[in-house]
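The values are calculated or read from the model by the stated rules, or taken from the named source; none is laboratory data. Predicted model, so just to flag it, every value in this text is computed and none were measured. Glycine gets a Cβ as well: all are built from the backbone with ideal geometry, and neighbour counts include every protein chain shown. Keep in mind that these areas ignore ligands, DNA and RNA; they rest on the heavy atoms of the full protein, side chains included. Shrake-Rupley method; radii C 1.70, N 1.55, O 1.52, S 1.80 Å.
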Amino acid sequence: MSDFVNLNKLYDQLPGNITAENNAGTGHFDIIKVEDLVSNGKPKHTDYSRRSFFKISLVQGDCIVHYADQSIAVNGHALVFTNPTVPYKWEIVSPEQSGYVCVFTEAFFNRFAPIKEYQVFSSADNAVVVLDAVMFNYFRELFIKMDAELQSSYAHKYDYLRNLLMEVIHEAQKLQPETGVVINPSNAAERLALLFTDLLERQLSIQNISDTVLLKSPSDFAERLNVHVNHLNKALKKATGQTTSTLIKERTLHEAKVLLKTTNWTIAEIARCLGFEEPNHLSVFFKENTSTTPSEFRSAN
């Protein structure tokens, strides 16, 4: 897996002398044409990578989105939501590709709720929204409107752009079946669950081969959050329906699948990154939870 693809690396792929420009005080926001990111029927950047920015891609054409440990086929029209914690890449199937890409940083969105909590950004299951021709045209008009507003001299254009961005997100979510209850941190248990989830994501978003998970057990997380482990487990059970151990196990297994599928690191190197003392400990853990070995999973994928 390569390092983070930052904004400068993204803009290096574009024609002309377009450069990444931070919108002072607002974070970064831009609209890019899909055609400028595709050359000869292939995306200009093809590595599995995490990005340092969020993307909402409105695409027309056949492609496969390799997102985390899943491969999702897009046939025709779709909205694709990607975030900095999940590695992904595009595989172009049909040579005709068009549409728009909205690129923005978390700082641009921080006046609203945390962007990662919206279901389209929270998991691969919700990341791809298939569209018919009518809905594709509806969203295309929104992207065209954002692009035009971005070029305007209106003093409050970034506030307006945030509202348009929210419209894209909410309209996309309305097209999907409900997959769970949005957590509103209105009580202590839910607030603690959100803090735990954020800490878990930061621990298990492996970017480089030198990264190592430091917090491994429920007691490790409880100590970092300054609560008793029993209190943490009770809060997570109330807020999510799962125990602390189960949440750690599922997130560790997910990251193991991502690293096996998207890197050429050895099993021993992946085991060390994930906090396993010995490579065979990872193999036993993986086999118990998937009925296959890490090597078998890698070969199959």
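Side notes on the structure shown:
- Low-density loop positions, chymotrypsin sites (Phe, Trp or Tyr not before Pro), the range 99-151 - DSSP coil, at most 16 other Cβ in 10 Å: F112
- Extension gain for E250-K33 works out to 74.4 nm (0.36 nm per residue, less the C-alpha to C-alpha distance).
- With the largest listed first and rounded to whole Å, the semi-axes of the equivalent ellipsoid of the range 84-145 from the Cα gyration tensor are 23, 17, 13.
- Heavy-atom SASA rank of T293, T252 (probe 1.4 Å, accessible area, largest first): T293, T252
- Using the empirical formula 2.2 N^0.38 Å as the baseline, the Cα radius of gyration of the range 205-253 reaches a ratio of 1.23.
- Partners of K249 within straight-line reach, counting lysines whose Cα lies under 29 Å from its Cα and excluding those fewer than 8 residues away in the same chain: K55, K89, K116, K216, K234, K237, K238, K257, K261, K287.
- Per residue, the convex hull spanned by the alpha carbons of the range 200-301 comes to 101 Å³.
- Heavy atoms of R272 accessible to a 1.4 Å probe, total area in Å² rounded to 10: 100 Å²
- At R0 = 35 Å, FRET efficiency that the Cβ-Cβ distance of S210 and Y138 yields, to 0.05: 0.15
- Probe 1.4 Å - accessible area at H77, Å² to nearest ten: 40 Å²
- L194-K237 FRET efficiency (beta carbon distance; Förster radius 22 Å; 0.05 resolution): 0.90
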